[in-house]
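Peer 1: Take a look at the following structure, please.
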Amino acid sequence: MFNNVLVVCVGNICRSPMAEAMFRHRVQNARIQITSAGTHAMLSSTTDPLAQAVLQVNAVPVHKHRSRQIDRQMLHEADLILVMEHRQTQSVLKLAPEVRGKTFLIGKWQLELEIADPYRRPKLAFEQTYEQLSRCVDDWLPYLQSGDPR
C-alpha cells in the first residue's frame, strides 16, 4: 500500500493541488497522505482561483494550500510520485535519480496521458484539466490500496 503520495506539476498552483484535493476527497483510507509540490513552484502561493472554482463546482473540498518546491527529502519520503508531464519526470529524476521506480505519469492508465497546464488560460481549460484529472485519479485509486503500480 502507498502511504505517502506526492503529486507534482510545475508551479504547484493549478494541476497538482487540484489532483491532491481530488485524491483526498476520494481516498477512503485516512492513513494515506496525499501532498503536492512543484518543480518550479511559485513559493507560498495559493491555489489558482479558477482551479478552486472548478473544484468547488464539482463538490471537491478545497483545503488551504501553499505552493512548495520539490526537494530530495520529499521525493525520498514519498511511496509514489505522480507527475503531470514527462518533463516533470525528468526534473524529479535529475534531483533524485534513485526514485525512478516510484515515479509515474498521473495519466499512466489513460494511455500515458500528459495533463496540459491550464495556468493563465480561460476557465474552460481548468474544466478540461479537472475532467482529465478526475479520470486519472479514479484510475489510481485501486493501486493506492494495493501498492502495486504495474
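Derivation of every value follows stated rules applied to the coordinates shown; laboratory data play no part. What you see is a predicted model, and the numbers here were worked out from it, not measured in a lab. Counting neighbours? That spans all protein chains shown, and the Cβs are built from the backbone with ideal geometry, glycine included.
Peer 1: Per-residue counts of other Cβ atoms within 10 Å, averaged by peptide: what ranking do you get for 11-20, 44-53, highest first?
Peer 2: Highest-to-lowest ranking by the protection proxy: 11-20, 44-53.
Peer 1: Here is a follow-up. Return the percentage of antiparallel bridges among DSSP beta bridges fully within the stretch 4-141, rounded to the nearest 5 %.
Peer 2: The antiparallel fraction comes to roughly 5 percent.
Peer 1: Further question on the same structure: Given a 10 angstrom Cα cut-off, can you work out which residue in Arg31, Arg68, Arg87 is the most mobile in a GNM of the chain?
Peer 2: Highest fluctuation among the options: Arg31.
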